[in-house]
Amino acid sequence: MFDCIMEKYIDEMEQLVLPGAGFDLIALQFTKGKKIKVFELDQVKTLDVKVETLEKTGIKHDWITYIPVDYSNESWVDKLLGAGFDKTKKTLFLWQSVSLFLEAELVKETLREMADLCADGSIIAQDFYSQAFISGEASKTVKRAARMIEKREPWKFGIDMRNEPNAAVESFLNECGLRMTGISQFGEKLGIEPFYCIVEAEKL
Ligand SMILES: C[S@@+](CC[C@H](N)C(=O)[O-])C[C@H]1O[C@@H](n2cnc3c(N)ncnc32)[C@H](O)[C@@H]1O
């Protein structure tokens, strides 16, 4: 679904930002040979391993700016601006599988900051898990998985999707200065409470 979002928007965007890009190669795949500025942010150790591996394997990546940052004690916005991000340019933000690892306040703050960086026509694409998924209530398998990674990377943030999940996600985004423009829910077709969603948003 994130690939589809990239395909949909990439040609109309001037910048692409992936806060918490990790080892994802989606930016490399979709921006090679295109006139677009690409910024990937993540923790220094992760980016070092990523760049080292790309170099070892001979995969070109010279049009991507890698920015080391720790969200919990550094300003990712300052680092992004310092690396040449231009607030007047139409930007696609891809924030995939990151919010679940952050405290709620940090998720809100990060999204407000992202909204602030959005020139007209910019899009923020992101995903959210339900609180039931994060707490392990959703299923025994999920609970086991949560326990396995608890010590290294505990899951923290989810949205209450028990009643009217679309409205719950929309209202959360509004609090962050964003308007929801699209949502895909997961779980609905299985007849269970939604446990995950992928959302597109723009600045309010
Ligand atoms: C599950 S990975 C997702 C990676 C990528 N977006 C993807 O979808 O494949 C979560 C990423 O968030 C990054 N992350 C978590 N907490 C962070 C923090 N405090 N500062 C910077 N990055 C952080 C991790 O290093 C990791 O690469």
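Does region 3-19 contain at least one residue that is near the ligand (Cβ under 9 Å from one of its atoms), surrounded by fewer than 18 Cβ atoms within 10 Å (Cβ to Cβ) and outside the structural domain of Leu102 (by TED's automatic domain parsing)?
Checked against the condition, which is being near the ligand (Cβ under 9 Å from one of its atoms), surrounded by fewer than 18 Cβ atoms within 10 Å (Cβ to Cβ) and outside the structural domain of Leu102 (by TED's automatic domain parsing), region 3-19 yields no hits at all.
Hand me the list of helices (runs of 4 or more DSSP H) wholly inside region 95-204 holding 3 or more residues that are open to solvent by 50 Å² or more (accessible area, probe 1.4 Å).
Qualifying helices (runs of 4 or more DSSP H): 104-116, 140-149, 165-175.
Residue by residue through region 81-114, note down the ones that are at negative phi and more than 15 Å from the chain's Cα centre (by Cα).
Across region 81-114, the qualifying residues are Leu81, Gly82, Ala83, Phe85, Asp86, Lys87, Thr88, Lys89, Lys90, Glu105.
Tell me whether region 28-51 contains one or more residues that are more than 10 Å from the ligand (Cβ to nearest atom), part of a helix (DSSP H, G or I) and buried (at least 18 other Cβ atoms within 10 Å of the Cβ).
For region 28-51, residues more than 10 Å from the ligand (Cβ to nearest atom), part of a helix (DSSP H, G or I) and buried (at least 18 other Cβ atoms within 10 Å of the Cβ): present.
Looking at region 71-92, is at least one residue at pLDDT below 95, within 12 Å of the ligand (Cβ to nearest atom) and over 23 Å from Leu173 (Cβ atoms)?
The answer is yes, given that some residue of region 71-92 is at pLDDT below 95, within 12 Å of the ligand (Cβ to nearest atom) and over 23 Å from Leu173 (Cβ atoms).
The values are calculated or read from the model by the stated rules, or taken from the named source; none is laboratory data. Note that the coordinates shown come from a computational prediction; the quantities given were computed from them, not determined experimentally. As a convention, Cβ positions derive from the backbone with ideal geometry for all residues, glycine included, and neighbour counts pool all protein chains shown. For accessibility, only protein heavy atoms count, side chains too; no ligands or nucleic acids. Shrake-Rupley method; radii C 1.70, N 1.55, O 1.52, S 1.80 Å.
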